[in-house]
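Step one of this worksheet: look at the structure below.
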Amino acid sequence: MVEMFNLLKVEFHKLKTYKIFYFLILLTILQAVSMVTLSDLFRRECGQDVLVRTLLAQQGLSIIIFSGIFIGDYIVREFTSGYIKNLIIYGHKRAHIVISKFITCSLGLVIIGFTCPIIVCVRNTFINGYGTEFNLVSFLFLIRLFILMFFVYSVLAAIAVLIAFLFRNSESFVISMVFVLDFINRIINFFSIRNRSMLVSKIYSKSISSKMFEALKNKVPLTDLVSIIFYCLVIIIIFMSLSIYVFKRADIK
């Protein structure tokens, strides 16, 4: 436990000084500015509606790609620089190294992912109002939204972390693989809407994009919420287990 805590302290310090992390946050700020500047829809909506709409729009615009750039560079650079070898030499368990990097990457991706929606939401709430009376129900909606999106972004992080550990010597290849997965996801999404094929729709219903859309529904039953969180946890555990397995078998030079 102490070893894990020390690793997390090191990782959080690294995240706070990580230039690409701040560069991606800057890009999401620019994305927020462009949304309210170029789109009448984003400019006119109330705070609550635009928060949900922006989270949905980000899934199609940038968040998956950002996960590849951020996590690919964050992890691969440690392999190419030899830093991760030093962690092993100092006696840190490989499983702990993987878990600490996953937690840090998840936190970083959540911050990146929520920057644009929060900016647009605050701006529209100030100008157009929140849309409903801000009471306990509204507060619980925001808490539920944050928790669900945290799990969704954590799944994206887990996928990118596995790819980074698999292709640890090539940052560009890791980013390319995430791009390919994003492209495949878009193709499946397109055919699930246009084709109405039961098989394609069933495949898409199991994807993280589908779970994201489910998570952003205003009136999702409690059983469905628990199901989405459980689904995300299962995916995270599977991908983390694979990442640990790959890292344990890797010959680090």
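Which percent of the accessible heavy-atom area of the stretch 64-165 goes to carbon and sulfur, probe 1.4 angstrom?
Roughly 73 percent of what the probe reaches on the stretch 64-165 is carbon or sulfur.
Could you give the length gained by full extension between Leu142 and Val246, i.e. 0.36 nm per residue of separation minus their alpha carbon distance, to one decimal place?
33.7 nm
Using the charge dipole of the chain (Lys, Arg: +1 at Cβ; Asp, Glu: -1 at Cβ; taken about the Cα centre), state which of Phe114, Val98, Phe230 has its Cα farthest towards the positive end.
About the Cα centre, the residue reaching furthest to the positive side is Val98.
What number does the stretch 1-83 give for Rg over Rh if you use C-alpha atoms and the Kirkwood radius?
1.12
Å³ per residue of the Cα convex hull, for the chain?
In the chain, the Cα convex hull volume per residue is 144 Å³.
Counting only heavy atoms of the protein chains, get the accessible area per residue of the chain (1.4 Å probe) and round it to a whole Å² value.
52
What number, rounded to the nearest 500 deg cm²/dmol, is the helix-based mean residue ellipticity at 222 nm of the chain, given -39500 (n - 2.57) per DSSP H run of at least four residues and division by all its residues?
Here the helix-only value at 222 nm equals -29000 deg cm²/dmol.
How many percent of the accessible area of the stretch 1-48 is carbon or sulfur, using a 1.4 Å probe?
Ligands and nucleic acids excluded, carbon and sulfur reach 73 percent.
What FRET efficiency comes out for Lys253 versus Tyr130 if R0 is 51 angstrom and r is the Cβ-Cβ distance? Round to the nearest 0.05.
It comes to 0.40.
Give me the distance in nm between label points sitting 7 Å out from Cα along the Cα-to-Cβ direction at Lys16 and Leu225, one decimal.
Between Lys16 and Leu225, the label points sit 3.3 nm apart.
What's the tally of Lys pairs in the chain whose alpha-carbon atoms lie under 12 angstrom apart, where the two lysines are 8 or more places apart or on different chains?
So the count of such lysine pairs works out to 5.
The values are calculated or read from the model by the stated rules, or taken from the named source; none is laboratory data. Quantities reported herein were computed from a predicted structural model and do not represent experimental measurements. FYI the Cβ positions are ideal-geometry reconstructions off the backbone, even for glycines, and counts take in every protein chain you see. What goes into the accessible areas is simple: the full protein's heavy atoms, side chains included, and nothing from ligands, DNA or RNA. Shrake-Rupley method; radii C 1.70, N 1.55, O 1.52, S 1.80 Å.
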